[in-house]
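The next block holds one structure in the form of structure tokens; read it before the comments.
The values are calculated or read from the model by the stated rules, or taken from the named source; none is laboratory data. Please read these numbers as outputs of a predicted model, since none were measured by experiment. Keep in mind that these areas ignore ligands, DNA and RNA; they rest on the heavy atoms of the full protein, side chains included. Shrake-Rupley method; radii C 1.70, N 1.55, O 1.52, S 1.80 Å.
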Amino acid sequence: MECILAPVARLINYPPRHRAITSEVMAPYQQHGYNQAMEIRSSTSTLGAVGCLIREWRVVRRLSQLDLALQADISARHLSYVETGKAQPSREMITRLSESLEVPLRQRNRLLIAGGFAPNYMETELDAPKLAQMRYAVEAMLAQQEPFPAFLLNKHWDVLMANEAAKKVNRFMLDGRDSKHANLLRQIFDPADLRPAIDNWEEVAGNLLRHLHNEVAASVADTKAKDLLEEMLGYPGVPTHWRHHQPGAAPAPILTTSFDHGGVKLSFFSTMTTFGTPRDITLDELHVEACFPVDAPTAEFCKSLG
């Protein structure tokens, strides 16, 4: 992925996404808000039954019914009945299909709700005591990356944490000021932010937009991703053809981000670290991005910032 140098933002309080089934089942989820649960209930009934949602995910993953049936160890005929609503899947089958389709945890909850079951995955705020050890681990990773930039992002490219190197390089690119945005996409697309300093802006922005298009296509219920996509497409100078999703156009696995500001040229590539086998929606949607210098001048410049 791209390496963009982003300022630290406040910890984001993720909106809850649970629907009430019964008061007993939903008791552990009440802390996340009953109104939001009912919002998901409404959107689920509008979008269709669990079979329709399973089919949507199968199409997104580009699997035939036979392929998915073999992976999930069920018959292709039974899968066909589930997708068409002729058969109602059990909780176990929904879980098995979700795992085979590599469905994100938030959407696995949605599939369970559509099937008439209680959600299985909690969503814990990042600053909650329950995630204290995870925050410590992230802070250690960010500190270890010094003097090169690193930051913590969620699925919508909100910057939740950043190390000192990221802040310093960011301020250099913005003539000493902090970005007015706490979102990576807005920093890249806004002509009044980092965009003028990105030497290969079309390459970087185009690659990020492919990521966003894929996110929207993979999750029809993610209205925030849809709104972000429309907002980015509305910025000046965005090519018209970027408006159209190209399913076969995968984002580049490795992309160099080049900066040019005040005669100083910097180039970075980055690695992305996710949290293996998470059982919490918040952790499932987070990743740490660490930037590495492409050349010696970039490395020396970062070291010189102290």
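Remarks
- The candidates Glu92, Glu231, arranged from most to least accessible area with a 1.4 Å probe in the full protein assembly, appear as Glu92, Glu231.
- 3J(HN,Hα) along segment 198-215, derived from phi through the Karplus expression 6.51 cos²θ - 1.76 cosθ + 1.60 where θ = phi - 60°, amounts to 8, 5, 10, 4, 4, 5, 5, 5, x, 5, 5, 5, 5, 4, 5, 4, 5, 5 Hz, with x in place of Gly and Pro.
- Cα-only radius of gyration and Dmax that characterise segment 83-133, units Å: 13.6, 46
- Solvent-accessible surface ranking, highest first, for Tyr136, Tyr121, Tyr81, Tyr235 at 1.4 angstrom: Tyr136, Tyr81, Tyr235, Tyr121
- Square roots of five times the Cα gyration tensor eigenvalues for segment 62-152, Å: 38, 17, 9
- Residue-level accessible surface for His241, protein heavy atoms, 1.4 Å, Å²: 110 Å²
- Its Kirkwood hydrodynamic radius, worked out from the mean inverse distance over all distinct Cα pairs, puts segment 97-239 at 17.5 Å.
- Projected onto their three principal axes, the Cα atoms of segment 124-172 cover extents of 35, 24, 13 Å, largest first.
- Taking 23 Å as the limit for the C-alpha separation, the pairs Lys155/Lys226; Lys167/Lys224; Lys168/Lys265; Lys167/Lys303; Lys155/Lys180; Lys130/Lys180 exceed it in the case of Lys167/Lys224; Lys130/Lys180.
- The alpha carbons of segment 107-190 stretch over 54, 32, 17 Å along the principal axes, in descending order.
- The largest accessible area among Thr298, Thr84 belongs to the first residue in Thr84, Thr298, and the rest follow in falling order (1.4 Å probe, all chains).
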